[in-house]
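Shown next, in structure tokens, is the structure this report addresses.
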Amino acid sequence: MAERDKEFMRRAIALAQNGIDRNAGGPFGAIVVKNGEIIGEGCNRVTSTNDPTAHAEVVAIRNACAKLGSFQLDDCVIYTSCEPCPMCLGAIYWARPEQVFFAATRKDAAIIGFDDQFIYEEIEKDFDGRQLKIVNLMRDEALTVFQNWVNKPDKTEY
């Protein structure tokens, strides 16, 4: 691991500390780097913005994509102070960075009350076996919209 990677990780960890010092949210920070330059950063802002999706990785991805004017993080690297939760991992995959570095593990996070294991377990279950009631409703109407997407000649692929 290069010394530069450690510098970037220290920045992600500092953002986590800064976020808790400002009461922004949980103890998490993340940055997005492209060509050796930080192009997006964020700390967890869930409680300060009343937004359950405002995790550090999502905030950093949003900032980086806005700066790039793109919905993808081509040739980018994400540094995050903790192993991404299932939501953040999904966002990271959709953003398509080149690589991800993380510091603390999800087991470390669970020890201090941020346990995502139940989400991993829920994803593996059929809908009727999950704790959250999830109902398939009006599929045919939704499939019409899907077909409209397939037939749309001027769509932006992603």
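Tell me, which residue of region 69-87 that is surrounded by fewer than 23 Cβ atoms within 10 Å (Cβ to Cβ) and closer than 25 Å to residue 117 by Cα is farthest from the chain's Cα centre (by Cα)?
For region 69-87, the residue satisfying everything is 83.
Which condition number does residue 46 fail, the rest of (1) out of contact with any Pro (no Cβ under 7 Å at 6 or more places or on another chain); (2) in contact (Cβ under 8 Å) with a residue 12 or more places away in the chain being met?
(1)
Out of 135, 100, 150, I need the residue that is open to solvent by 50 Å² or more (accessible area, probe 1.4 Å), in a strand (DSSP E or B) and not aromatic (Phe, Trp, Tyr). Which one?
From the options 135, 100, 150, the qualifying one is 100.
For residues that are assigned to a helix (DSSP H, G or I), over 17 Å from residue 29 (Cα atoms) and not acidic (Asp, Glu), tally how many sit in region 108-130.
Total meeting the criteria: 8.
Given (1) exposed (fewer than 13 other Cβ atoms within 10 Å of the Cβ); (2) within 16 Å of the chain's Cα centre (by Cα), identify the lone condition not met by residue 2.
For residue 2, the failing item is (2).
Can you find even one residue in region 54-65 that is out of contact with any Gly (no Cβ under 9 Å at 6 or more places or on another chain) and either at pLDDT 95 or above or open to solvent by 20 Å² or more (accessible area, probe 1.4 Å) (or both)?
Applying the first criterion (out of contact with any Gly (no Cβ under 9 Å at 6 or more places or on another chain)) to region 54-65 yields none.
No, region 54-65 has no match at all.
Conditions first: (1) open to solvent by less than 70 Å² (accessible area, probe 1.4 Å); (2) over 21 Å from residue 158 (Cα atoms); (3) of a type outside the set (Ser, Thr, Tyr); (4) at pLDDT 95 or above. Residue 37 passes all but one, so which condition is the exception?
The number of the failed condition is (1).
Which of (1) open to solvent by less than 40 Å² (accessible area, probe 1.4 Å); (2) under 16 Å from residue 97 (Cβ atoms) does residue 26 not meet, given it meets every other one?
For residue 26, the failing item is (2).
Based on what the data block shows, is residue 28 within 23 Å of residue 116 (Cβ to Cβ) and among the hydrophobic types (A, V, I, L, M, F, W, C)?
Values: within 23 Å of residue 116 (Cβ to Cβ): yes; among the hydrophobic types (A, V, I, L, M, F, W, C): yes.
Judged against the criteria, residue 28 is a match.
The values are calculated or read from the model by the stated rules, or taken from the named source; none is laboratory data. No experiment lies behind these values; they were computed from the predicted model shown. All Cβ positions, glycine included, derive from the backbone under ideal geometry; neighbour counts span all protein chains shown. Note: areas computed on protein heavy atoms with side chains; ligands, DNA, RNA excluded. Shrake-Rupley method; radii C 1.70, N 1.55, O 1.52, S 1.80 Å.
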